[in-house]
Amino acid sequence: MLRAQIEHHNYRYYVLDDPEITDAEYDRLFRELVQLEAEHPQLATADSPTRRVGGAPLAEFSAVTHRVPMLSLNNAFSEDEVAAFDRRVREGLGLDVVEYVGEPKFDGLAISLRYEAGVFVQGATRGDGRTGEDVTPNLRTIRSIPLRLRANEIPFLMEVRGEVLLFKQDFKRLNERQRTLGEKEFANPRNAAAGSLRQLDSHVTAARPLRFYAYGIGDIEGGPAITRHSGLLDWLESLGLPVCEERDVVRGPQGLLQFYRSLAERRETLAYDIDGVVYKVNPLEQQQELGFIARAPRFAIAHKFPAEEALTEVVAIDVQVGRTGALTPVARLKPVFVGGATVTNATLHNEDELKRKDIRIGDTVVVRRAGDVIPEVVKAVSEKRPAHARVFHMPAQCPVCGSSVIRLPEESVVRCSGGLYCPAQRKQAILHFASRRAMDIEGMGERLVEQLVDRELVKTPADLYALKAVTLADLERMGEKSAQNLIDALDRSKRPTLDRFIYALGIRNVGEATARDLARHFGSLEKIVGATEEDLQQVPDVGPVVAYSIRRFFAERHNREVIEHLRRRGVNWAEQATEPQKAAGRFSGKTFVLTGTLASMTREEARQGIEDRGGKVAGSVSKKTDFVVAGADPGSKLDAARALGVTVLDEAEFLKLIGKE
Ligand code: IVH
């Protein structure tokens, strides 16, 4: 009874993806069963959910002969090849139109599960198609594989064929865990699934969240009469086996191509990797009539997506400067066709990645382009490294504006420090400067800033104050009246408070709260400009990273010049009376890190909530972090918090702490 209940919840969770109870309740049921079986060993059966993990590690896998061989599929790479497949099938059957089933081509590992009288008794890898390896203990750990089939008309014997794989999310988490543990990361979900299934110790497999999808059968004795492949899949589903939802009955070559296109479009949103689609003739009688050729069926074909990875050569490495000043190394490549397009550039992400992957100019590299994602260099092929390959170093100066480049201690990204001056950062800097909580220049929106910068009317925020109404009136969507309104708004913005002005400068890591603290502590901009990192750290909640960031901003001559221009054009901020810092709030001196999504507020609101109470929000977890607030789908920051023993708050606890519940 309890066993059936637990298997039912496994099924709801892993097969239907629709749990009825919480994880905690599930754990309670499971513990209850473990205890019951320990007290009454005679009650424990082979198909008990407690037996999903167990047994000593194997010395080696034994061989399993498949009663019906596990064949492979022929491939089609173009629409013409699909049309040719359909033609062969039609001719073979003497029909005008053929009915097919379209399915995803899962990018995992083929396995065969043997059920005797509905009980899972043996599972094997494909091997060479005739003989595979017995990986039963490992397959038992996969919770979506039923240990006992549901429903009534159960065959005496049945081999279920399908694919073992890892969901993309689970793969990411697994690699994050490997990284935290200092273990080797897996190249892709397929490799991770393969490595996990070939473990001699099933406890290792149990810790890997493998999944299974059934797509057919091998041998079968007994069971209901079934006439179509689509009916077979429905029946497998009714037995409690996971069958993927992305399947469809279609007609003719147009139907096939429609299915292909529809799945190709949704590929990125699927939970698992696929490398194409599979078409199978639907009526089983027709499948038999067509039979097999060599080692593949004539009644089915795999229509593959274009390869997402290809080899090419790194001709040069350049640096791009993004809107926020981040310097990204970019590989210039010998053009290569990959993921359905010709690629000539690929991102190398950042300096750390570049070093970790040790990619050099002249290297032959693996380039990956998946869907709409920016092409990236995956790795260098070390065996092909030429003697003249050159190591690349990030420049010390911004390649766009020549300002010095800085790297904040807690970031992997290198940035241009000329935030107010650098052409690459212009639009962003001006928009931020004009924004409501900064200088509050009404009407200075994105479209306008685009035009002003593109027409080179404005290069830095200081140029805004030299604009004339006649020039503005000439721009798109601008009349004389709105031009004058803008000039008035610019005039009104000329006397900000010191803290708003500091915030408007867009210094990295200086949000409104820090800007307020700086203004209160120093009282004048001159003092802040002249402050050493030590001085800056006297301000509550300004740590070494923020102090360094401020220091480097003002050390950059270009930035100081822009401030000077602003002053000359009439922008003047009030000096502020310095205040001894009062204990600013309940969170004073406390550092928070946010991860995951909160249901009741945005990240920005959470940050505000913390800063309003005098707390600080940091971007990454360190020993100095006091609290990590973890919402849904938290990232690696949660692992880091646990590893460092930092207190983790869930949403409810956090809300309580800020007094919102
Ligand atoms: S049917 C007789 N259906 O593709 C046909 N195979 O080249 C047997 N695969 O190793 C295979 N998704 O692991 C079938 N929906 C699908 C599939 C699929 C992936 C793999 C399978 C096999 C290979 C065949």
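The values are calculated or read from the model by the stated rules, or taken from the named source; none is laboratory data. Note that the structure is predicted; figures quoted are calculated from it, not measured. As a convention, Cβ positions derive from the backbone with ideal geometry for all residues, glycine included, and neighbour counts pool all protein chains shown.
Quick one: how many residues across segment 99-122 are within 14 Å of the ligand (Cβ to nearest atom) and either free of Cβ contacts under 8 Å to residues at least 60 places away in the same chain or of a type outside the set (Phe, Trp, Tyr) (or both)?
12
Looking only at segment 253-294, which residues are in a strand (DSSP E or B) and closer than 27 Å to ARG173 by Cα?
Matches in segment 253-294: ILE274, ASP275, GLY276, VAL277.
GLU575 - would you say it is over 26 Å from ARG642 (Cβ atoms), touching a helix residue (DSSP H, G or I) at 6+ places or on another chain (Cβ under 8 Å) and touching a residue at least 60 places away in the same chain (Cβ under 8 Å)?
yes
Any idea which residue in segment 271-291 is farthest from the ligand (Cβ to nearest atom), counting only those that are surrounded by fewer than 16 Cβ atoms within 10 Å (Cβ to Cβ) and of a type outside the set (Asp, Glu)?
It comes out as ALA271.
When the residues of segment 533-547 are filtered to those that are part of a loop (DSSP other than H, G, I, E, B) and touching a residue at least 12 places away in the same chain (Cβ under 8 Å), which remaining residue is surrounded by the fewest Cβ atoms within 10 Å (Cβ to Cβ)?
GLN538
Report, by residue number, each residue of segment 481-522 that is over 20 Å from GLN576 (Cβ atoms) and β-branched (Val, Ile, Thr).
ILE487 - this is the single residue of segment 481-522 that is over 20 Å from GLN576 (Cβ atoms) and β-branched (Val, Ile, Thr).
Can you report the number of residues in segment 405-462 which are buried (at least 17 other Cβ atoms within 10 Å of the Cβ) and among the acidic types (Asp, Glu)?
Number of matching residues: 1.
May I ask you to list the residues in segment 364-392 that are basic (Lys, Arg) and either part of a strand (DSSP E or B) or in contact (Cβ under 8 Å) with a residue 40 or more places away in the chain (or both)?
Within segment 364-392, ARG368, ARG369, LYS379, ARG390 meet the criteria.
Looking only at segment 128-150, which residues are farther than 18 Å from PRO49 by Cα and either touching a residue at least 24 places away in the same chain (Cβ under 8 Å) or away from the ligand (no atom under 16 Å from the Cβ) (or both)?
GLY129, ARG130, THR131, GLY132, GLU133, ASP134
Restricting segment 41-81 to residues that are in contact (Cβ under 8 Å) with a residue 12 or more places away in the chain, more than 16 Å from the ligand (Cβ to nearest atom) and within 30 Å of GLN286 (Cβ to Cβ), which is surrounded by the fewest Cβ atoms within 10 Å (Cβ to Cβ)?
Residue satisfying both the conditions and the ranking: THR65.
To keep it simple, each residue is scored yes or no on (1) modelled with pLDDT under 95; (2) within 34 Å of the chain's Cα centre (by Cα); (3) within 25 Å of GLU604 (Cβ to Cβ); (4) of a type outside the set (Val, Ile, Thr).
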residue: PHE433; (1), (2), (3), (4): no, yes, yes, yes
residue: ARG437; (1), (2), (3), (4): yes, yes, yes, yes
residue: GLY443; (1), (2), (3), (4): yes, no, yes, yes
residue: ASP454; (1), (2), (3), (4): yes, yes, no, yes
residue: ALA462; (1), (2), (3), (4): no, no, no, yes
residue: LEU472; (1), (2), (3), (4): yes, no, no, yes
residue: GLY479; (1), (2), (3), (4): yes, no, no, yes
residue: LEU490; (1), (2), (3), (4): no, no, no, yes
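Results for (1) within 32 Å of the chain's Cα centre (by Cα); (2) acidic (Asp, Glu), shown as yes or no for each residue.
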{"residue": "TYR13", "(1), (2)": "yes, no"}
{"residue": "SER48", "(1), (2)": "no, no"}
{"residue": "PHE85", "(1), (2)": "no, no"}
{"residue": "GLU91", "(1), (2)": "no, yes"}
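In segment 172-203, how many are surrounded by 15 or more Cβ atoms within 10 Å (Cβ to Cβ), without any contact (Cβ under 8 Å) to a residue 60 or more places away in the chain and of a type in the set (A, V, I, L, M)?
Number of matching residues: 2.
State all residues of segment 344-363 that are hydrophobic (A, V, I, L, M, F, W, C), in a strand (DSSP E or B) and either within 22 Å of the chain's Cα centre (by Cα) or at pLDDT below 95 (or both); if no residue qualifies, say none.
Residue satisfying the conditions is ALA346 alone.
Can you tell me how many residues in segment 491-532 are among the hydroxyl-bearing types (Ser, Thr, Tyr), outside any helix (DSSP H, G or I) and buried (at least 16 other Cβ atoms within 10 Å of the Cβ)?
1
Within segment 50-77, count every residue that is under 35 Å from the mean Cα position of the chain (by Cα) and over 17 Å from GLU133 (Cβ atoms).
The number of residues fulfilling the criteria is 12.
Which condition does ALA294 not pass, out of (1) away from the ligand (no atom under 13 Å from the Cβ); (2) surrounded by fewer than 15 Cβ atoms within 10 Å (Cβ to Cβ), if it passes all the others?
All conditions pass for ALA294, except number (1).
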